[in-house]
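Bear in mind that the values in this text are calculations on the coordinates, not laboratory data. The structure presented is a predicted model; accordingly, all values stated were derived computationally and were not measured. For neighbour counting, all protein chains shown are included, and Cβ atoms are generated from backbone atoms with ideal geometry for every residue, glycine included.
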Amino acid sequence: MTAIILQVVIGGLLMGLIYALVAAGLSLIFGLMDIVNFAHGELMMLAMFAAFVLWQYAGLDPLMMLPVVALLLFGLGVLIYRGLIARALSVSFNRGMVQIFVTFGLAIFIRGAAQFVFGGEFKSINTGWLAGRTAQIGGVYLPLPQVAASLVCLVAFAGLLAISRTEFGRALEATREDRDAVALIGIDRDRIFALGWGLGAATVGVAGVMLAGFYYVAPNVGANFALIAYVTVALGGFGSLLGALVAGVLIGEVEAVTAALLEPSLKQVSVFGIYMVVLMFRPRGLFGKL
Amino acid sequence: MDNRITRRRRRELVVGAVLLVALILLPLPIGDVYTRNLIIISILFAGLAQAWNILGGYCGQISLGHSLYFGIGGYVSTLLFVQAGVPPLIGMFAGGLVGGLVALLVGWPCFRLSGHYYAIATVVVAEIGYLLFLNWDFVGGAMGVYIPFKGDSWLALQFRTQKLPYHYVVLAFAAATWLAAWCIEGSRWGFSWRAVKDDVVAARSLGVRVFPSKMAAAAISGFFTGMGGAIYAQYVGYIDPDSTMSGQLAILIALPAVLGGVGTLWGPFLGAAVLTPLSELSRSYLGGSGRGVDLMIYGLVIVVVALARPAGLLSLFGLRRRAKGAPDGSPA
């Protein structure tokens, strides 16, 4: 009995950490410039495909390509900011809607492009150092790719935390506090925004690569993870790193417990239900600043 | 000043009537079923976008969950017909009423949020509805419900081969949404809503009751969206969560209004006239083999229009005029 309970709790934790890291990238961009990136799930999907392609054609293990894909996604994030978001920010009329629908259009475009290049069918990475392996500790099965993914997520969180303590991190924080005043102390706001997008995209890229180690890869895989990421961010509090971590794990646990006790197909309903409840009593989320 | 506004509003009514007559005549010389279907779908989405516009455009609440009201409206009329024999011509009003009611239920928690927070909450609520319907056996679950054919009838809105009757049904629907938007533009409500959209704090200080304003806009918007869902279900003769409640659909409802021109009378119609054929045509000519080119084109159009014409395609025609008290009409 204890083993079953432990299995459920650990399963939730392992998935929750992935959710947390996906949400961290979203939260970073949102906190920085008040933009919701509706193409966030598609960035994750691209990272998964990058991992898949590198694995299939270069024979690289997902763990090895982590830095490569993260760097690629960083560049893509900067590119998206410079090409689209900077323009959307400079719009004077109807800005809120323009921001939403520019990233939405981008999401649809990326999904179409992935379908065009890779086709719509599901793919998976099924060989590698860890693929398909499980460890067993005290009757609890631990799928190794997921364990590795969780560890990488924790490291990535530590990395984000470390970055937030650097000069750049303080510039991020200052830009978030008052995006107009930072110009007075010599911070190039545009550059900070671009780097913020790069960092956010790289973060979700890391999550995507690790996810690709044990999850199917397909053009529409991002949509569902993105939705959970929005909920995670809203639950944890927009812009809060710690909030994303706590909320991500919480959501993983809620999913796992619902799937075990009730009906697997309803696991997300309970997640979204909890989000609605939190929304009513604490609209800014668990760790959100006002 | 007042006189000019009345004159403008009267002119809009005349333009609307002319357009209505043109659309009544439009399908008559067209025998081709594919084209007629395309026109019907476009008009339906014009009406849906206008319904969205009532909440999203005039009141400024960007809902990305209108698929919920659409689907529920469709299910209500379908189930009333299939289970209780209530003719869909009546059932679609029931669908609309339930759609409006659900919009109120959703609005109650969600309207405390603003901006992106509201938009995300609507996505989540719609997803909850979608998942519940997917797992609810009474409504057919993922399989959905087939609407049995009971002979050509206006009361049941069923026609085996004809497309023309549906054309007039969706046209009446779209005309009703337009008329509702026209009435709202000139009414006290319309002014309150636009005040809420532009500046909540200023609106409140002027004595506008913000929360009831949003709720009223949501109810009207939800009503028409639900009605549209009922008509759609009857038109295709089948309803399931994927085709009537998906997040994708919520975007399809909102996009024509956003890209055509939010908070305008003609924007949603213009947007639907451009976007719906674009999406349908590119899907049938380019998307058949699942190659995704249709999605790429669609996404690109959204990005380009949103960035190049933030006020919507309508601004290309210079039709936007300075509405009283609203900071729009600037030559974009």
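Amide H neighbours of A:Val217 under 5 Å, at least 5 residues apart or on other chains, H built in the peptide plane: list them.
Long-range HN contacts for A:Val217: A:Lys123, A:Ser124.
Sort A:153-161, A:213-221 by the packing proxy (mean of other Cβ within 10 Å over each peptide's residues), most packed first. Intermediate values should be presented prior to the final figure.
On the way: A:153-161: 17.3, A:213-221: 21.1.
So the order, starting with the most tightly packed, is A:213-221, A:153-161.
Please work out, to two decimal places, the log10 of the ratio I(q)/I(0) at q = 0.15 Å⁻¹ from a Debye calculation in which every Cα of the stretch A:50-107 carries one identical scatterer.
-0.58
Could you compute the FRET efficiency for A:Tyr57 and B:Gln162, with r as their C-beta to C-beta distance and R0 at 60 Å, rounded to 0.05?
According to the calculation, E is roughly 0.65.
Mind jotting down the distance between the C-alpha centroids of the stretch B:32-46 and the stretch A:214-257, whole Å?
Using only Cα atoms, the two centres lie 39 Å from each other.
Would you mind checking which residues have amide H under 5 Å from B:Tyr238's amide H? H placed 1.01 Å from N; only 5 or more apart, or other chain.
B:Ile147
Work from the charge dipole of the stretch A:2-281 (Cβ charges, +1 for Lys and Arg, -1 for Asp and Glu, about the Cα centre) and give the residue of A:Ala201, A:Leu106, A:Gln268 farthest towards its positive end.
A:Leu106
Quick one: 3J(HN,Hα) in Hz for the stretch B:125-139, Karplus 6.51/-1.76/1.60 with θ = phi - 60°, rounded, Gly and Pro as x.
The phi angles translate into 4, 4, 5, 4, x, 4, 5, 5, 5, 5, 10, 9, 5, 4, 9 Hz.
Using modelled amide H (1.01 Å from N, peptide plane; none on Pro or chain starts), what sits under 5 Å from the amide H of A:Leu60, excluding residues fewer than 5 places away?
Residues meeting the criterion, in which the H sits 1.01 Å from N, are A:Trp55.
If R0 is 60 Å, what FRET efficiency do you get for A:Tyr141 and B:Thr6 from their C-beta distance, rounded to 0.05? Walk me through the intermediate numbers first.
Details: r = 75 Å, r/R0 = 1.25.
The computed FRET efficiency comes out at 0.20.
By what distance, in whole Å, do the Cα atoms of the protein assembly as shown stretch along each of the three principal axes, largest value first?
Computed over the protein assembly as shown, the largest-to-smallest principal extents equal 72, 63, 45 Å.
Please name whichever of B:Pro87, B:Gly65, B:Ala103 sits farthest to the positive end of the charge dipole of the stretch B:32-246, dipole taken about the Cα centre and charges placed at Cβ: Lys and Arg +1, Asp and Glu -1.
B:Ala103
How big is the stretch B:87-183 along each principal axis, measuring the range of its Cα positions in Å and listing the largest first?
Computed over the stretch B:87-183, the largest-to-smallest principal extents equal 47, 41, 18 Å.
Treating only the Cβ of Lys, Arg, Asp and Glu as charged (+1, +1, -1, -1), what charge dipole size does the protein assembly as shown show about its Cα centre? Round to the nearest 20 debye. Let's see the in-between values first.
Values: 40 positive and 28 negative charges, 370 e Å.
It works out to roughly 1780 debye.
Which ³J(HN,Hα) values in Hz, rounded to whole numbers, follow from the phi angles of the stretch A:258-275 under the Karplus curve 6.51 cos²θ - 1.76 cosθ + 1.60, where θ = phi - 60° and Gly and Pro get x?
4, 5, 6, 8, 9, 9, x, 6, 9, 4, 6, 4, 5, 4, 5, x, 5, 4
With each label point set 7 Å from Cα along the Cα-Cβ vector, what nm distance links A:Glu121 and B:Tyr238?
2.4 nm
Determine, from the Cβ-Cβ distance of B:Leu25 and A:Gln7 and an R0 of 60 Å, the FRET efficiency 1/(1 + (r/R0)^6), rounded to the nearest 0.05.
Once the sixth-power term is evaluated, E becomes 0.35.
Using the eigenvalues of the Cα gyration tensor, what equivalent ellipsoid semi-axes result for chain A when each is taken as the square root of five times the eigenvalue, whole Å, largest first?
30, 23, 18
Hey, what angle do you get for helix B:164-186 against the long axis of chain B, alpha-carbon based, 0 to 90 degrees rounded to 10?
Computed tilt is about 20 degrees.
Most mobile of A:Val277, A:Val102, A:Val209 per a Gaussian network model of chain A (Cα springs, under 10 Å)?
The residue with the greatest mean-square fluctuation here is A:Val277.
Lys/Arg Cβ at +1, Asp/Glu Cβ at -1, dipole of the protein assembly as shown taken about the Cα centre: which of A:Ile192, B:Gly261, B:Phe191 is farthest positive-ward?
Ranked along the dipole, the leading option is B:Phe191.
Obtain the nm distance between the two label points defined at B:Trp154 and A:Asp190 by a simple spin-label model: each point lies 7 Å from its Cα along the Cα-to-C-beta direction.
Here the answer is 6.3 nm between the modelled labels.
Please give the charge dipole size of chain A, origin at the Cα centre, charges +1 on K and R Cβ atoms and -1 on D and E Cβ atoms. Round to the nearest 20 debye. Don't jump to the answer; show the numbers that get you there.
Details: 16 positive and 14 negative charges, 48 e Å.
The dipole of chain A has a size of about 240 debye.
Please identify, among A:Phe104, A:Phe30, A:Phe225, the residue showing maximal mean-square fluctuation in a Gaussian network model of chain A using a 10 angstrom Cα cutoff.
Highest fluctuation of the listed residues: A:Phe104.
Residue by residue through the stretch B:41-51, what is 3J(HN,Hα) from phi via Karplus (6.51 cos²θ - 1.76 cosθ + 1.60, θ = phi - 60°)? Round to whole Hz and write x for glycine and proline.
Values, residue by residue: 4, 4, 5, 4, 6, 4, x, 5, 5, 5, 4 Hz.
Calculate, in nm to one decimal, what B:Ala84 and B:Trp108 gain on full extension: separation in residues at 0.36 nm each, minus their alpha carbon distance. It would help to have the intermediate numbers written out before the result.
On the way: separation 24, 0.36 × 24 = 8.64 nm, distance 3.09 nm.
Roughly 5.6 nm would be gained on extension.
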